[in-house]
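K.L.:
The structure that follows is given in the form of C-alpha cells.
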Amino acid sequence: MRRIQRDPDVDRVIAVDAVAPAHQLGDADFVRVDIRQPAIARVLAAHAVDTVVHLDVSGKALGAGGRTTVKETNVIGTMQLLGVCQKSPTVRRLVVKSSTSVYGSAPRDPAVFTETTPPKSLPSGGFAKDAVEVEGYVRGFARRRPDVAVCVLRFANILGPDADSPLADYLALPVLPTVFGYDPRLQFVHEDDVIDVLRIASYEPRRGTLNSGTFNIAGDGVLLLSQCARRLGRPTMPVLLPAVTWVGQALRTVGMTDFSPEQIRLLTHGRVVSTVQMRETLGFHPGFTTSETFAAFARSLGPGLLPPATVGRAVDRLAAMPFAGGTGEDPVITGAGDTQPTPGVR
Amino acid sequence: MADAKVIPFDDDRSRSGGAQRSARRRAAAGPAVGTAALSALPGQQDAVQAQEVVQGGGEPVEGAQAQEGARRGSWDRRIASGLAFLRRRVTGEYEVDEFGYDKELTDQVLMSVLRPMYEKYFRVEVKGIENIPSDGGALIVANHSGTLPLDGLMLQVAVHDTHPADRHLRLLAADLVFVMPVVNELARKAGHTLACAEDAERLLRQGEVVGVMPEGFKGIGKPFGDRYKLQRFGRGGFVSTALRAGVPIVPCSIVGAEEIYPMIGNAKTLARVLGIPYFPITPTFPWLGPLGAVPLPTKWTIQFGEPISTDGYPVEAAEDPMLMFNLTDQVREQIQHTLYKLLVQRRSVFF
C-alpha cells in the first residue's frame with residue numbers, strides 16, 4: 001500500500017495498513033487495521049467502499065517476523081479481505097497486485113509467457129507460491145461474485161528510485177553473484193507505471209478497453225543480467241549453480257537474507273512476459289521501458305565499483321594508444337561517433 | 001529444379017570464400033569454382049574468371065602505396081569499430097530481443113568464430129538460398145545429423161552469409177540445450193530458442209526465418225548405418241505452426257554432417273546416468289579423449305528446396321490431422337529426395 005491513495009479524482013480514498021504511513025496521504029483517510037483481522041469488514045461497511053485495491057502481496061520480509069509473517073499477510077490477509085468483499089454488497093471492483101513470478105522460471109518454459117501460459121514448474125515456495133495461492137483465491141472470488149469486476153495485475157520486477165524488493169537489494173550488492181553459465185533475461189516495470197496502471201485498473205474502463213481479467217505488466221524490452229551489471233558498473237562473480245543453492249540456503253538459515261529459491265531460479269533462467277494484453281485490452285502504455293526503468297534505478301543507486309563511464313574511458317584510452325597523434329579529445333569522439341550502428345566488419 | 005538459378009550464388013561464394021584456394025591453384029587455373037559438376041551457364045563462369053583475372057592483374061600495376069594506404073585505412077577503421085564494439089559491450093549499451101537474441105554479438109563474435117569452420121573446415125556449399133524469402137517469416141525444415149548439432153550452426157552461418165537480404169536464422173533447439181549452463185547462454189544470445197509451438201509461432205509472426213530440425217534426437221543420435229535415412233518428423237507440430245502463422249515451409253537438405261562423427265555405438269546406460277539422450281561411441285571417441293571429439297573434415301552441401309506455400313489453407317486447417325500428416329510427409333519426402341540426389345552428385349565424402 002504505497003502511493004495510489006494520492007490520486008484525487010475519487011470522493012474518498014481510504015488507506016488501510018498495519019503500520020502508520022511514513023508520508024502524508026493528503027486527503028485520504030488512514031485506517032490502521034491489519035487485514036488479517038476481521039476488523040477490515042467494518043472499514044468496508046462503514047465507508048460503503050466500492051473499489052478495493054489489494055496491494056498487500058509482498059515479496060519482502062517485513063521486520064522481525066520473517067517469512068512466516070509475510071506469508072500470513074499475503075495469504076491469510078487476502079482470504080480475509082476476499083471474504084469481506086464477498087459479503088459486502090457495495091463492492092463493485094477488485095484490483096489485486098500479483099507478480100509474474102507465478103509463471104516460475106524453468107529452462108523448459110517458452111521464451112515469452114502470455115497470460116494463458118501454464119507454468120511448467122510451479123513455484124515451490126516463497127513469494128511466488130503466495131502469489132499463486134492469492135490468485136487462486138481471487139479466481140474463486142471472481143466465480144462466486146460475477147458482478148464484481150476483478151482485475152489481477154501481474155507485475156514484472158518493480159524497480160525505480162524507491163524500489164524496495166529482493167531484486168533491488170540484490171542489485172545493490174557491491175559484487176553481484178551470478179549463476180555460472182546462465183544469463184537470465186529480465187524485465188522491469190517502473191514504480192510510476194505501477195501507480196498509473198493501478199489507477200487505470202481501479203476506475204471505470206475507458207472506451208474500447210476492458211480492465212477486468214489478468215494482465216501482465218512490464219516495460220518494453222529485455223535486459224540481460226550481465227547487461228544490468230555492466231550498466232550498474234558492478235562486477236559479477238559467477239558461481240556454480242549447486243553452490244549458489246547451498247549458499248542461498250545457508251544465508252537463509254542464518255537469517256541474513258531472504259533470498260528465496262524462486263529468486264535464484266529467476267536469476268538463473270530469467271522470465272519474459274508478453275504485454276500484448278496490457279496494451280490492447282487494458283489500454284495501458286507504460287511510460288518507461290525496461291532499460292529506462294533500469295537507468296532510473298541505477299541513478300538512484302549511485303555508481304558501482306566499475307562505473308560504465310570509467311570503463312568506457314578506459315576503452316577510449318586504449319583507442320588512443322595505437323594512434324600516435326591522438327589528443328585526449330580525439331578518441332572520445334571516435335568512440336562516441338561509432339556508437340551508431342557500424343557497417344558489419346567482416 | 002532451381003539448379004540453374006543457383007549457380008550465380010555458388011560462384012559468388014567460392015570466389016569470396018575460396019580466394020586463397022583459387023590463388024593457390026592459379027597455375028592450374030581452370031574453374032576453381034567448385035561447382036563444375038553442375039551445368040553452369042558458360043557466360044557467367046567466363047565473367048567470373050575475367051573478373052578474377054582483372055583483380056589479379058590489377059594489383060601490381062596499381063601503386064603499392066595506394067594499396068597500402070587503403071589497407072591501413074581499413075585496419076584503422078576496423079580497430080576503431082572494434083573498440084567501439086568493445087566499448088558498447090563493457091558498458092552494457094546494447095540491445096537484446098525478448099528471446100535474448102544479441103544481434104551484435106552474434107554478427108561480430110559468434111559468426112566470426114563459426115565462419116572458419118564453415119568456410120575452411122567443412123567447405124559448405126550452399127544451393128538454392130533464393131528459396132528463402134527476402135522478407136517475412138519462413139520456416140526452414142532441415143534434416144538433423146552428426147551426433148553434435150553442428151549442422152544447425154552451419155545452417156545458421158549459411159543463411160547469414162549467403163542470403164542477399166541479410167536474413168538471420170532463428171533456430172529452435174531442444175530443451176537439453178537450455179538446461180546446460182554456458183550452452184544455454186550462448187544459444188539464447190545466438191538467437192536460438194526452445195523448440196515449442198509458442199516460441200516458433202511468435203518468431204514467425206514477427207517475420208523471422210525460423211529453422212527447425214523435426215527429427216530431433218532421433219536424427220542426430222542415429223547410428224552411422226542409418227545415415228541419410230530421415231527419421232520420423234516428430235508429431236508434425238512444425239506444419240501446424242507454419243500454417244497458423246501463414247508462412248512458407250522451406251525444406252532443406254544437409255549433406256556431409258552425417259559423417260563428421262560416425263556413431264558406431266551408443267552407451268545407453270552411461271547416457272541414462274548422465275541424463276542425456278545418447279552417448280556416442282565413434283571410432284575415435286571416447287578412446288582418444290578430447291581429441292576424439294574433433295569432427296572429421298567432410299565436405300558439406302546445404303540445399304534449400306522450393307518453398308511449400310501454406311497460405312492457401314483456411315484457418316481451421318491447422319487443426320486437421322490428416323492435412324498435417326500429408327504436409328509433413330510432403331516435406332519429408334522432398335528433403336529425403338534431395339538428399340539422395342545430392343548424395344549421387346557427391347564425388348567423395350571429404351572433397
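K.L.:
Could you list, in sequence order, the residues of segment B:282-315 that are within 24 Å of the chain's Cα centre (by Cα), outside any strand (DSSP E or B) and not polar (S, T, N, Q)?
P.N.:
B:GLY292, B:ALA293, B:VAL294, B:PRO295, B:LEU296, B:PRO297, B:LYS299, B:TRP300, B:GLY305, B:GLU306, B:PRO307 - these are the residues of segment B:282-315 that are within 24 Å of the chain's Cα centre (by Cα), outside any strand (DSSP E or B) and not polar (S, T, N, Q).
K.L.:
Are any residues in segment B:314-351 in contact with a helix residue (DSSP H, G or I) (Cβ under 6 Å, 6 or more places away or on another chain) and farther than 25 Å from B:VAL159 by Cβ, and if so, which ones?
P.N.:
Those that are in contact with a helix residue (DSSP H, G or I) (Cβ under 6 Å, 6 or more places away or on another chain) and farther than 25 Å from B:VAL159 by Cβ: B:ALA317, B:ALA318, B:LEU323, B:MET324.
K.L.:
B:ALA197: free of Cβ contacts under 8 Å to residues at least 60 places away in the same chain and within 29 Å of B:PRO297 (Cβ to Cβ), yes or no?
P.N.:
no
K.L.:
Shifting gears a bit: Taking segment B:285-295 on its own, how many of its residues are surrounded by 16 or more Cβ atoms within 10 Å (Cβ to Cβ) and over 21 Å from B:GLU215 (Cβ atoms)?
P.N.:
Of the residues in segment B:285-295, 1 are surrounded by 16 or more Cβ atoms within 10 Å (Cβ to Cβ) and over 21 Å from B:GLU215 (Cβ atoms).
K.L.:
Here is a further query. If I filter segment B:89-119 down to residues being at the interface with chain A (Cβ under 7 Å from one of its Cβ atoms), open to solvent by less than 20 Å² (accessible area, probe 1.4 Å) and outside any loop (DSSP other than H, G, I, E, B), which single residue comes out as modelled with the highest pLDDT?
P.N.:
Result: B:VAL96.
K.L.:
B:PRO277 is checked against (1) open to solvent by 10 Å² or more (accessible area, probe 1.4 Å); (2) closer than 30 Å to A:SER226 by Cα and fails just one. What number does that condition carry?
P.N.:
Among (1) open to solvent by 10 Å² or more (accessible area, probe 1.4 Å); (2) closer than 30 Å to A:SER226 by Cα, the lone unmet condition for B:PRO277 is (2).
K.L.:
If B:TYR261 satisfies all but one of (1) open to solvent by less than 70 Å² (accessible area, probe 1.4 Å); (2) not in a loop (DSSP other than H, G, I, E, B), what's the number of the condition it fails?
P.N.:
(2)
K.L.:
Continuing with this model, one more query. Only one of these conditions is not met by A:GLY140: (1) modelled with pLDDT under 85; (2) open to solvent by less than 10 Å² (accessible area, probe 1.4 Å). Which number is it?
P.N.:
(1)
K.L.:
Output the helices (runs of 4 or more DSSP H) that fall wholly within segment B:133-232 and possess 1 or more residues being within 14 Å of chain A (Cβ to nearest Cβ) and open to solvent by less than 30 Å² (accessible area, probe 1.4 Å), or say none.
P.N.:
Once the helices (runs of 4 or more DSSP H) in segment B:133-232 are filtered for at least 1 residues that are within 14 Å of chain A (Cβ to nearest Cβ) and open to solvent by less than 30 Å² (accessible area, probe 1.4 Å), what remains is B:150-162, B:175-179, B:183-189, B:197-205.
K.L.:
Collect the residues in segment A:149-166 that are surrounded by fewer than 20 Cβ atoms within 10 Å (Cβ to Cβ) and farther than 14 Å from A:ALA296 by Cβ, keeping them in residue-number order.
P.N.:
Correct list: A:ASP164, A:SER165.
K.L.:
If you scan segment A:223-239, which residues turn out to be in contact with a Leu (Cβ under 9 Å, 6 or more places away or on another chain) and among the β-branched types (Val, Ile, Thr)?
P.N.:
A:THR236
K.L.:
Further question on the same structure: Can you say whether A:VAL150 is over 17 Å from A:VAL239 (Cβ atoms), more than 14 Å from chain B (Cβ to nearest Cβ) and not polar (S, T, N, Q), as far as the supplied structure shows? Can you show your working first?
P.N.:
Working: over 17 Å from A:VAL239 (Cβ atoms): yes; more than 14 Å from chain B (Cβ to nearest Cβ): yes; not polar (S, T, N, Q): yes.
Considered against the rule, which asks whether it is over 17 Å from A:VAL239 (Cβ atoms), more than 14 Å from chain B (Cβ to nearest Cβ) and not polar (S, T, N, Q), A:VAL150 comes out as yes.
K.L.:
Looking only at segment A:202-255, which residues are closer than 23 Å to A:PHE180 by Cβ, open to solvent by 40 Å² or more (accessible area, probe 1.4 Å) and in a strand (DSSP E or B)?
P.N.:
Within segment A:202-255, A:THR236, A:MET237, A:PRO238 qualify.
K.L.:
Can you say whether A:VAL194 is at pLDDT below 85 and among the β-branched types (Val, Ile, Thr), as far as the supplied structure shows?
P.N.:
Details: at pLDDT below 85: no; among the β-branched types (Val, Ile, Thr): yes.
Taking the combined requirement at face value, the residue does not satisfy it.
K.L.:
If you don't mind, there's one more thing I want to ask. Working carefully through the options A:ARG206, A:ARG185, A:ARG230, find the one that is in contact (Cβ under 8 Å) with a residue 40 or more places away in the chain and away from chain B (no Cβ under 11 Å). Write out each step before concluding.
P.N.:
Working: A:ARG185 fails: away from chain B (no Cβ under 11 Å); A:ARG230 fails: away from chain B (no Cβ under 11 Å).
When all the criteria are applied, what remains is A:ARG206.
K.L.:
How many residues does segment B:264-274 contain that are open to solvent by 50 Å² or more (accessible area, probe 1.4 Å) and part of a loop (DSSP other than H, G, I, E, B)?
P.N.:
1
K.L.:
Still on this structure, I have one more. Could you grab me the full set of residues in segment A:93-133 that are out of contact with any helix residue (DSSP H, G or I) (no Cβ under 6 Å at 6 or more places or on another chain) and among the hydroxyl-bearing types (Ser, Thr, Tyr)?
P.N.:
A:THR100, A:TYR103, A:THR114, A:THR116, A:THR117, A:SER121, A:SER124 - these are the residues of segment A:93-133 that are out of contact with any helix residue (DSSP H, G or I) (no Cβ under 6 Å at 6 or more places or on another chain) and among the hydroxyl-bearing types (Ser, Thr, Tyr).
K.L.:
Step by step: first the residues of segment B:334-349, then only those that are out of contact with any strand residue (DSSP E or B) (no Cβ under 7 Å at 6 or more places or on another chain) and not in a helix (DSSP H, G or I), then the one that is surrounded by the most Cβ atoms within 10 Å (Cβ to Cβ). Which residue is that? Don't jump to the end; show me each part of the working.
P.N.:
Step one: of segment B:334-349, the residues out of contact with any strand residue (DSSP E or B) (no Cβ under 7 Å at 6 or more places or on another chain) are B:336-337, B:340-341, B:344-345, B:347-349.
Within this subset, residues satisfying the condition of being not in a helix (DSSP H, G or I) are B:347-349.
Working: B:ARG347: 8, B:SER348: 7, B:VAL349: 14.
Here the answer is B:VAL349.
K.L.:
Right, next: Just wondering, is there one or more residues in segment A:88-104 that are within 14 Å of another protein chain (Cβ to nearest Cβ) and in contact with a Leu (Cβ under 7 Å, 6 or more places away or on another chain)?
P.N.:
There is no residue in segment A:88-104 that is within 14 Å of another protein chain (Cβ to nearest Cβ) and in contact with a Leu (Cβ under 7 Å, 6 or more places away or on another chain).
K.L.:
So A:ILE195 fits all but one of (1) touching a strand residue (DSSP E or B) at 6+ places or on another chain (Cβ under 8 Å); (2) assigned to a helix (DSSP H, G or I); what number is the exception?
P.N.:
(1)
K.L.:
Six or more apart or on different chains, Cβ atoms under 6 Å: show the pairs whose first residue is in segment A:79-101 and open to solvent by 10 Å² or more (accessible area, probe 1.4 Å) and whose second is of a type in the set (S, T, N, Q) and at pLDDT 85 or above.
P.N.:
Going by the 6 Å Cβ cut-off, there are no qualifying pairs.
K.L.:
Specify the residue that is modelled with the lowest pLDDT; the eligible residues are those in segment A:107-120 that are open to solvent by 20 Å² or more (accessible area, probe 1.4 Å) and within 12 Å of chain B (Cβ to nearest Cβ).
P.N.:
A:LYS120
K.L.:
Let me ask something else. Considering segment A:38-53 alone, what residues qualify as being in a loop (DSSP other than H, G, I, E, B) and over 27 Å from the mean Cα position of the chain (by Cα)? Walk me through how you get there before you give the answer.
P.N.:
Of all residues in segment A:38-53, those in a loop (DSSP other than H, G, I, E, B) come to A:38, A:48-50.
Those that are in a loop (DSSP other than H, G, I, E, B) and over 27 Å from the mean Cα position of the chain (by Cα): A:PRO38, A:ALA48, A:VAL49.
K.L.:
Kindly evaluate A:ASP164 against the criterion of being within 19 Å of A:GLY219 (Cα to Cα), away from every other protein chain (no Cβ under 14 Å) and in contact with a Lys or Arg (Cβ under 8 Å, 6 or more places away or on another chain). It would help to see each step written out before you state the result.
P.N.:
Values: within 19 Å of A:GLY219 (Cα to Cα): yes; away from every other protein chain (no Cβ under 14 Å): yes; in contact with a Lys or Arg (Cβ under 8 Å, 6 or more places away or on another chain): yes.
Spelling it out, A:ASP164 is indeed within 19 Å of A:GLY219 (Cα to Cα), away from every other protein chain (no Cβ under 14 Å) and in contact with a Lys or Arg (Cβ under 8 Å, 6 or more places away or on another chain).
The values are calculated or read from the model by the stated rules, or taken from the named source; none is laboratory data. Predicted model only: the values in this text are computed from it and were never measured. Heads up, the Cβs are rebuilt from the backbone with ideal geometry, glycines too, and the neighbour counts pull from every protein chain shown. These accessible areas exclude ligands, DNA and RNA; they are computed on the full protein's heavy atoms, side chains included. Shrake-Rupley method; radii C 1.70, N 1.55, O 1.52, S 1.80 Å.
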